[in-house]
């Protein structure tokens, strides 16, 4: 049975995860999403994902795992 793994954020971390999963193609279908379309196309070209999607289905629609690889920055504290 193949499961779908959705990688949200296809920068360095997300693309690396997709490339690491590439050797398990018979078990995993990799879907990529990034708010920057050129970054998503680049990850697809590199083979980091099987396809890209901008309209992701709700998680309950399929047997799916999602991984968010977006950058998060801690808000700065105001200087006193």
Practice task
Give the residues of the stretch 28-43 that are part of a loop (DSSP other than H, G, I, E, B) and closer than 10 Å to residue 8 by Cα, sorted by residue number.
Solution key: 34, 35
Handout entry: Any hit, the stretch 44-59, residues being in a helix (DSSP H, G or I), modelled with pLDDT of 65 or more and under 11 Å from the mean Cα position of the chain (by Cα)
Key = yes
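The values are calculated or read from the model by the stated rules, or taken from the named source; none is laboratory data. The shown structure was predicted, so the numbers you read here are calculated from the model rather than taken from an experiment.
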